[in-house]
Every structure is written in C-alpha cells, then in structure tokens.
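What follows is a single structure, written as structure tokens, with notes after it.
Where a number appears in this text, it was derived from the coordinates with a stated rule and is not lab data. Quick caveat, the model's predicted, so the values are computed rather than measured. Glycine gets a Cβ as well: all are built from the backbone with ideal geometry, and neighbour counts include every protein chain shown.
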Amino acid sequence: MLSWAAAAFAQERLADSLHRSCNFTEAMEIYDSLLASSSDSLERERLQTKLLCSENASVMSGFVNEPVVVAKHLFSREDFFLYYPLEDRSWRPLPNLLDSLPDTYVKATWMPEGAEEIYFSRR
C-alpha cells in the first residue's frame, strides 16, 4: 500500500510540474488516471480541482499570443527609443495605475493603426 501511495504522490508531483510548464494535456491525463484509481473522497476532490485548473488553462491558452523575438540588441535604457527606426514623437507613455512603486522611467508602447507588430519598452 505504501509503495502505491508513493507512486501516486510521485505521479501527482509530475502532473503538477507539467501544469506549471504549460503541458496541460499531459497533466490532465495524469490527474485523470489518478482520479480513476482513487477512492478517497477528499483526495478525489483535490484531484478534480487540479484537473479542472488544467482544463481551464488548456482552453485559455488558446487565446494567448506567443511573442516571437525577431531581433535582439544590447543598449542602455536611455537609447531604447533611438533603436527602432520609427518616426519622431510616435511613442506614447502608458500610465500603470496599479503600479504603486515610483519609477524614473516611463513604460511606453508604439502601435500605429492597423499594425500587426507592437514595440514596447519594459521600463
């Protein structure tokens, strides 16, 4: 019995790890098999919650864009806006109303109407 419990614990940890690394389908398969082999009602409820979280994450990941790095260059923060070949005064500051920490740098973005590429600064 103890070896089965240890194996189930290891499988659950693997599923948790897969979920955290966005491998939701694989995590759901493991959670589902653990659910099928469990008879403890509290354990089943906990596993069902984890399975539901993976299912929701799998569905929601269909709405997420994955940014692709097209170029990489090291430069100072002060030179960030000079790096992109964009017209003058095309950047707009974006206030972060939820950010309570003061910052000397302004977060900004550049997105002309109809653009499919967005350039932004982290700071």
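Side notes on the structure shown:
- Footprinting exposure proxy ranking of E26, E45, fewest other C-beta atoms within 10 angstrom first, gives E45, E26.
- Two-site FRET efficiency, E43 against A10, from Cβ-Cβ distance with R₀ of 22 Å, rounded to 0.05: 0.90
- Computed extension gain for R20 through L35, at 0.36 nm per residue and net of the alpha carbon distance, reaches 3.5 nm.
- Note on E78 and E117: the model spin-label points, each 7 Å out from Cα along the C-beta direction, lie 2.7 nm apart.
- In plain terms, the residue of E116, E55 with the fewest other Cβ atoms within 10 Å comes first and the most crowded comes last, giving E116, E55.
- Taking 7 Å steps out from each Cα toward its Cβ at E55 and A71 produces label points 4.6 nm apart.
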